[in-house]
Amino acid sequence: MTDIDLLKAELRKLSAKATQAKMDLHDLSEDLPVNWQQIPEIAARALEAFATLEAKRAELKRLEAA
């Protein structure tokens, strides 16, 4: 496998993780005000997941352009 193929596989996993984080945040928002104390924790996980995903997408774009 090439570096690009490996990165694409990693991106699929990161995308799934980010989607799950988004759904967790959505589910939490629907249940508010119950469990409002979990907002910072769940939001931090979503933020990290999407930041990592964005960074890897930029890395893939650089590799494909090279």
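If the requirement is being surrounded by 13 or more Cβ atoms within 10 Å (Cβ to Cβ), of a type in the set (D, E, K, R) and touching a Lys or Arg at 6+ places or on another chain (Cβ under 8 Å), which of these qualifies: GLU48, GLU10, GLU59?
Within the list GLU48, GLU10, GLU59, the selection yields GLU10.
State whether one or more residues within the stretch 33-47 are of a type outside the set (Val, Ile, Thr) and touching a residue at least 24 places away in the same chain (Cβ under 8 Å).
yes
If I ask for residues that are outside any helix (DSSP H, G or I) and of a type in the set (Val, Ile, Thr), which ones from the stretch 33-55 would you list?
VAL34 - this is the single residue of the stretch 33-55 that is outside any helix (DSSP H, G or I) and of a type in the set (Val, Ile, Thr).
For residues that are farther than 25 Å from ARG57 by Cβ and either outside any helix (DSSP H, G or I) or among the β-branched types (Val, Ile, Thr) (or both), tally how many sit in the stretch 15-28.
Adding up the residues that qualify gives 0.
Conditions tested, residue by residue: (1) exposed (fewer than 11 other Cβ atoms within 10 Å of the Cβ); (2) more than 28 Å from ALA58 (Cβ to Cβ); (3) at pLDDT 95 or above.
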residue: GLU30; (1), (2), (3): yes, yes, yes
residue: ASN35; (1), (2), (3): no, yes, yes
residue: PRO40; (1), (2), (3): yes, no, yes
residue: ALA43; (1), (2), (3): no, no, yes
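The values are calculated or read from the model by the stated rules, or taken from the named source; none is laboratory data. Bear in mind that the values here come from a model prediction, so they are computed numbers and not experimental data. So basically every Cβ, Gly included, is an ideal-geometry build from the backbone, and we count neighbours across all protein chains shown.
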